[in-house]
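As structure tokens, the structure follows; a few thoughts come after it.
The values are calculated or read from the model by the stated rules, or taken from the named source; none is laboratory data. Please read these numbers as outputs of a predicted model, since none were measured by experiment. Virtual Cβ from ideal backbone geometry, glycine too; neighbours counted across all protein chains shown.
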Amino acid sequence: MNSTNYAETELRTLIKKVLARNPNGLTFDYLRNELEEIEMIYVDGTKLRKIIAEMIREGTICKEPSPQLKKFVLKLCKQLNK
């Protein structure tokens, strides 16, 4: 595994950790702020959007509209345990 894949794997883990702490969901901007301010990780916005889009396609993250915020929020998808 090269360092880019390792870094992306670690970033995916941190994204899941941040979203798990916020079950009501976070907007992209709030997620990015949490990563930067609390987890002390800076990620290029384009790269972060790409990773989030992949996680949405994989079913790890769900994107839902928030009537209060009038924006989409990102949440961990509920996984079915079989």
Residue, surrounded by the most Cβ atoms within 10 Å (Cβ to Cβ), within the stretch 27-82, restricted to residues that are touching an Asp or Glu at 6+ places or on another chain (Cβ under 7 Å) and part of a strand (DSSP E or B):
Val73
Based on this model, can you work out whether Ile52 counts as under 19 Å from Leu76 (Cα atoms) and out of contact with any Cys (no Cβ under 6 Å at 6 or more places or on another chain)?
yes
Would you check which residues across the stretch 52-82 are among the hydrophobic types (A, V, I, L, M, F, W, C), at pLDDT 95 or above and within 25 Å of Asn5 (Cα to Cα) and list them?
Ile52, Ala53, Met55, Ile56, Ile61, Cys62, Leu74, Leu76
Set Ile38, Ile51, Ile61: member being touching a strand residue (DSSP E or B) at 6+ places or on another chain (Cβ under 7 Å), of a type outside the set (Lys, Arg) and under 22 Å from Glu10 (Cβ atoms)
Ile61
